[in-house]
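A short write-up of the structure that comes next.
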Amino acid sequence: MEPHFLAKLRAIYPAERLITHDAGFISYESDGLTAFREKPIAVVLPESADEVIRTVQNCHENNVPFVARGSGTSLSGGSLPVKNGIVISLNRMNRILRLDPVRRVAVVEPGVINLDVTKAAAPFGLLYAPDPSSQTVCTIGGNVAFNSGGAHCLKYGMTSNHVLGLKIVLPDGTVDHLGSDSLESIQPDYVGMFVGSEGLFGIALEITLRLIPKPEVYRTVMCAYRTLKEAGDAVSRIIASGLLPGALEIMDNLAIQAAEAAVHPGYPLDAAGLLIVELEGEASQVAAEFDRLKPLIEASGPYLVKEASDAYERQQIWKGRKSAFSAVGRLSPDFIVQDGVVPRGRLGEALEEIHRLSELHGIRVANVFHAGDGNLHPLILYDGKQEGALHRAEQLAAEILELCIRYGGSITGEHGVGMEKRAYLPKMYQPNDMESMYQLRREIDPKNISNPGKMLMEGQAPALTVSGLHPLEKAGVMSRE
Amino acid sequence: MSELTKTECTVSDTVANLQQIIRSSKRIHVAGNSSKSGLHQDADDATLISTHALHGIVSYDPQEFVVTVLSGTRVSELIELLSEQGQYLPFDSLLAKRDATIGGTVASNASGSGRFRFGGIRDFLLGVRFIDGRGNCIRGGGQVVKNAAGFDFPKLMVGSQGKLGLVYELTFKVFPRPETYVTLFSSFQKLEDVISCMNKLATSQMDLEALDVLPIDSGANGYQLAMRIGGIASAIPNRIERLRQLVPVAEVMENHTDTEFWEAAANFEWVHPQDSLYKLAITSQLISQLETELISTNLKRRYSVGGNVAWLAGESLPDICKNVAPAQRYFSRSTSTYQSQPWVAGAFGQAIKRALDPENKFT
């Protein structure tokens with residue numbers, strides 16, 4: 001079958017856009033979850049929607065699984081190749097097809113880089129709100145597949161809150177159009193159902209994104225605390241006060257040390273917890289909000305409060321935060337990034353429990369998290385060269401996920417289930433809920449060829465291998481959320 | 001947490017009963033309090049299931065800004081509960097005064113003018129529990145404000161009109177309610193001027209809660225632009241001043257008059273009791289097309305959410321409107337024969353329907 005199928009691909013792609021040799025697979029074998037690796041039988045580099053559609057049709061006819069891939073920044077192994085399958089690499093489909101400042105929408109191909117949407121919208125005073133830390137390299141197609149978040153989800157939501165329309169190819173090669181340019185709809189929210197389906201429902205070919213006006217002003221404050229709990233309590237106070245910040249982030253000492261060493265944002269190195277609060281909006285409203293924020297912060301007992309005095313200082317604060325994951329790579333050869341969510345009122349408890357588990361297992365854990373959303377990002381540090389270290393780290397990761405479920409939260413806030421957490425989805429949902437997901441999967445992809453083995457347990461999991469930083473992280477090109 | 005802020009109720013018997021009815025029925029039609037009667041499809045052979053008995057707040061933790069309610073709960077009750085804590089659902093639920101239920105609000109995607117600022121129902125619904133066509137109880141989403149685990153059933157249920165399952169429990173994230181609101185009005189003789197002004201404001205850095213266009217005397221005397229701002233009281237005068245620099249403000253409404261104006265809008269008090277009401281999902285460019293066709297008719301119009309929704313009310317909807325955008329009939333008290341256009345689900349929608357309702361029970 002394979003030669004016959006490859007001949008079909010050759011009819012679609014010129015030689016330079018069809019990779020079938022081992023050396024060419026290296027950049028596609030893994031993604032942001034470097035602990036997994038797998039070789040596909042081929043990688044295709046389509047340049048048009050038509051080529052993707054024909055490829056999917058061929059896969060369907062020949063029962064060949066496919067994995068769509070953008071820049072491969074998935075932290076849950078979402079774009080890991082499938083054995084005996086192909087990778088459809090969408091980076092060359094990177095055109096912004098339409099940018100309509102009046103309707104405030106951008107229609108883009110899946111390979112467009114997240115930050116490029118905002119760059120294109122900037123001359124019109126608009127921006128694309130979701131801002132994953134990998135936004136300089138991650139693609140909109142990947143953001144759509146995994147419903148990516150970012151530091152600024154608190155006020156405006158995740159990717160799915162910013163996608164209005166989609167042109168998709170279903171796993172059998174059928175093309176469908178969902179949604180429109182309008183914010184409203186008179187149909188079920190099919191767009192919302194597709195976003196975050198982790199590639200199991202097919203591939204997005206064109207994506208209509210909602211753009212919003214750039215806030216008039218930002219006021220960004222950094223507060224340093226002697227204990228992590230104080231930082232967590234400050235978040236609870238701010239949320240309970242009725243203020244609605246654009247972002248509320250916390251980093252612990254390990255993460256602060258790493259970020260400071262990597263990009264020198266000017267973080268206080270002795271802080272046990274660093275809180276970043278950002279207000280945004282109309283100048284006079286933000287000024288009034290700031291007057292209310294100040295006493296709240298003072299009452300929360302920080303030993304240092306520093307407001308960004310200009311755009312550069314704001315950028316530095318965020319640069320430190322957004323580079324924190326990669327920076328932790330300086331502290332440890334390997335690490336696992338977690339993405340659990342707990343109710344915001346239980347943030348302090350959850351952090352204490354993570355600290356306890358960390359000590360119990362003798363494994364260092366750095367914490368960087370979207371505190372305003374209750375979205376934790378414990379970074380579990382280990383050395384993959386030590387025998388059993390990965391296994392022990394995974395054990396701790398499992399206990400943290402179970403803690404999130406026990407607290408009534410979620411196993412993932414923004415990275416998706418992917419390959420990494422699929423064993424935990426049935427712990428979060430009941431058998432009936434899981435069966436309903438499988439029923440959807442079977443109706444939409446009866447041949448089980450569209451990104452099989454992600455989110456839902458099916459197909460074979462590849463063996464774990466020793467990891468390390470993503471090659472792009474090593475080169476300083478990419479950061480993780 | 002005090003008893004007042006958190007209540008619990010058990011509904012397992014009611015749900016088990018409904019599961020049984022769904023399993024034993026061939027055709028099912030789900031309704032709440034029928035405040036949007038126009039969405040009913042004629043199906044004589046269908047068993048009518050009302051969510052009326054599914055009534056109450058399951059849990060509400062104001063500090064968490066999350067509330068879980070049963071689908072038959074009246075929107076007015078939920079609004080009141082939240083407002084006691086200074087919180088709200090920012091999408092301006094429709095028809096609260098006509099006993100709309102929260103389940104019906106989700107199923108018909110009934111967001112109002114306030115959806116302009118922070119998003120619609122889809123953006124605030126975190127979790128659902130529903131009974132599918134097999135009679136199974138399914139939970140989708142979660143109870144925390146951020147969650148990317150599993151397929152997004154909550155979003156799918158928004159606008160599903162009871163055709164993909166019977167939703168019995170809903171979890172929303174809620175927001176702190178702005179302490180003050182003010183609405184500014186501006187009048188324009190020409191349609192192109194009001195649209196251009198609306199577009200200018202929608203792309204500006206002014207944070208508007210709502211932005212609606214109202215034809216005056218059916219457009220014969222021009223158009224009114226309604227702009228609502230909300231926030232901290234001390235900042236409001238300056239924000240009004242800023243808006244005045246952008247648009248010629250004719251009138252300012254504050255306090256009760258502001259509240260009443262938007263409540264009247266959300267309850268369609270401008271619609272004649274004998275008339276039918278239709279919703280069209282549009283973009284601002286389509287307004288001029290609609291106005292060209294409708295200015296000489298007695299169809300009442302209101303363009304809402306910065307030009308993303310057209311509400312049309314009258315005896316019946318001229319065919320021309322359907323050519324502009326698909327229309328959905330919300331309610332009708334006359335004997336209008338116009339049927340809401342049935343879904344024309346594509347391959348994706350059809351596959352979803354087959355998965356959740358294989359015997360096509362929900363009409």
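Summary of values
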| item | result |
| --- | --- |
| Which numbered condition A:E206 fails, given (1) touching a residue at least 60 places away in the same chain (Cβ under 8 Å); (2) of a type in the set (D, E); (3) more than 9 Å from every other protein chain (Cβ to nearest Cβ); (4) within 30 Å of A:A308 (Cβ to Cβ) | (4) |
| Residue match in segment A:440-463 (condition: of a type in the set (D, E, K, R), closer than 30 Å to A:G320 by Cβ and either in contact with a Lys or Arg (Cβ under 7 Å, 6 or more places away or on another chain) or modelled with pLDDT under 95 (or both)) | no |
| Complete set of residues in segment B:24-71 that are among the hydrophobic types (A, V, I, L, M, F, W, C) and either crowded, with 23+ Cβ neighbours inside 10 Å or part of a loop (DSSP other than H, G, I, E, B) (or both) | B:I28, B:V30, B:A43, B:A46, B:A53, B:L54, B:F65, B:V66, B:V67, B:V69, B:L70 |
| Residue check for B:F348: modelled with pLDDT under 95, within 12 Å of chain A (Cβ to nearest Cβ) and out of contact with any His (no Cβ under 6 Å at 6 or more places or on another chain) | no |
| Restricting segment A:118-138 to residues that are assigned to a loop (DSSP other than H, G, I, E, B) and over 15 Å from the mean Cα position of the chain (by Cα), the residue that is farthest from B:T203 (Cα to Cα) | A:Y128 |
| Among the candidates B:N298, B:N360, residue that is out of contact with any Ser or Thr (no Cβ under 9 Å at 6 or more places or on another chain), modelled with pLDDT of 85 or more, surrounded by fewer than 20 Cβ atoms within 10 Å (Cβ to Cβ) and more than 12 Å from chain A (Cβ to nearest Cβ) | B:N360 |
| Subset of segment A:62-76 that is touching a Phe, Trp or Tyr at 6+ places or on another chain (Cβ under 9 Å) and farther than 19 Å from A:F201 by Cβ - its residue that is surrounded by the most Cβ atoms within 10 Å (Cβ to Cβ) | A:L75 |
| Residue check for A:K229: of a type outside the set (A, V, I, L, M, F, W, C), over 24 Å from the mean Cα position of the chain (by Cα) and more than 7 Å from chain B (Cβ to nearest Cβ) | yes |
| Segment B:246-288, subset closer than 25 Å to B:F331 by Cβ, within 14 Å of chain A (Cβ to nearest Cβ) and of a type outside the set (G, A, S), residue surrounded by the fewest Cβ atoms within 10 Å (Cβ to Cβ) | B:L286 |
| Residue that is within 21 Å of the chain's Cα centre (by Cα), under 29 Å from B:R115 (Cα atoms) and crowded, with 20+ Cβ neighbours inside 10 Å, where the choices are A:A204, A:A255, A:A259 | A:A204 |
| A:E298 charged (D, E, K, R), under 30 Å from B:N238 (Cα atoms) and part of a strand (DSSP E or B) | no |
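Quick grid of which residues meet (1) within 14 Å of chain A (Cβ to nearest Cβ); (2) touching a Cys at 6+ places or on another chain (Cβ under 9 Å); (3) not hydrophobic (A, V, I, L, M, F, W, C):
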position: B:S35; (1), (2), (3): no, no, yes
position: B:A53; (1), (2), (3): no, no, no
position: B:P62; (1), (2), (3): yes, no, yes
position: B:V67; (1), (2), (3): yes, no, no
position: B:G72; (1), (2), (3): no, no, yes
position: B:S76; (1), (2), (3): no, no, yes
position: B:E80; (1), (2), (3): no, no, yes
position: B:E84; (1), (2), (3): yes, no, yes
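Here is a yes/no grid of residues against (1) of a type in the set (K, R); (2) more than 18 Å from the chain's Cα centre (by Cα):
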| residue | (1), (2) |
| --- | --- |
| B:R117 | yes, no |
| B:I121 | no, no |
| B:I131 | no, yes |
| B:F172 | no, no |
| B:F185 | no, yes |
| B:T203 | no, yes |
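The values are calculated or read from the model by the stated rules, or taken from the named source; none is laboratory data. Everything numeric in this text was worked out from a predicted model, so none of it was measured. FYI the Cβ positions are ideal-geometry reconstructions off the backbone, even for glycines, and counts take in every protein chain you see.
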